[in-house]
Amino acid sequence: MRHTPHYLLTDPDEVRRLIRENPWTTIVSHTATGLVASHYAFLLDEEASTGDEIVLVGHVGRPDEVAHELGQHEVLLIVQGPHGYISPSWYAPGDIIPTWNHVTAHLWGTPEILSDEDNLAALDHLTNHFEQHVAEPRGLHLDPEYSRRVARGTVGVRVRVSRFDARAKLSQNKPPEVVDRIVAALEGDGPYAHPGLAGEMRRLHDPRNP
């Protein structure tokens with residue numbers, strides 16, 4: 001990503017929060033046959049992610065583990081938070097250049113392949129993590145044998161992040177009154193409304209907001 005110092009996101013806690021709230025992840029591998037990309041849900045390993053450590057757990061469907069040569073080399077995981085178009089019509093008169101605000105993290109690490117049992121446990125945790133928000137949750141425990149058969153079609157991975165490069169580009173270069181107009185527009189009902197992005201801007205520009 002472009003290196004703009006005042007957009008850098010260096011706090012591991014904020015990167016962990018980004019992963020927590022945006023689990024849909026892009027995996028990119030530079031393999032012997034070229035670049036390979038896939039998309040899967042990864043969760044933050046809360047127990048392992050302490051101090052400066054960031055650890056993700058997820059899975060890929062077979063044969064993606066072969067296509068990515070998982071475990072043989074470093075991969076790049078891309079976590080994309082809220083993002084959206086910022087119209088210059090929200091700026092001061094005479095300012096005509098639009099932009100795109102976003103919160104994004106690039107994470108590097110070499111995947112560890114999970115055992116069959118650990119993979120099943122990770123799939124169970126992944127399902128329960130999302131099912132907890134529905135009225136009548138369903139989990140793998142409802143049919144253990146069927147769940148085991150389905151799990152054989154996946155490969156679980158754990159990625160201990162060795163380094164990351166993250167950005168929170170949220171109009172830090174604009175005066176407070178313009179930031180307020182951008183947030184109001186994002187929270188409105190216009191064509192580029194984006195409450196999630198507005199929330200990220202409020203969080204950055206007013207740390208008192210959760």
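The values are calculated or read from the model by the stated rules, or taken from the named source; none is laboratory data. Note that the structure is a prediction, hence the values are computed from the model and not measured. Note: ideal-geometry Cβ built from the backbone for every residue, glycine included; neighbour counts use all protein chains shown. Side chains are part of the model used for accessible areas, which takes the heavy atoms of the whole protein and leaves out ligands, DNA and RNA. Shrake-Rupley method; radii C 1.70, N 1.55, O 1.52, S 1.80 Å.
Quick notes on this structure:
- Accessible area per residue for the chain is 56 Å², calculated with a 1.4 Å probe on protein heavy atoms, without ligands, DNA or RNA.
- Region 157-195 and region 69-106 have Cα centres separated by 8 Å.
- On the basis of the beta-carbon distance and an R0 of 35 Å, SER115 and HIS39 show a calculated FRET efficiency of 0.90.
- Calculated FRET efficiency for the pair HIS6/GLN80, C-beta based, R₀ 22 Å, to 0.05: 0.60
- Calculated SAXS-style log₁₀ I(q)/I(0) at q = 0.07, 0.12 Å⁻¹ - the chain, Debye, Cα scatterers: -0.27, -0.73
- A full extension of the chain between GLU131 and TRP100 corresponds to an added length of 7.9 nm, given 0.36 nm per residue minus the alpha carbon distance.
- What the Cβ-Cβ distance of ARG20 and ARG149 gives, at R0 = 30 Å and to the nearest 0.05, is a FRET efficiency of 0.50.
- Overall form of region 116-170 per C-alpha gyration tensor (a/c, 1.5; a/b vs b/c): oblate
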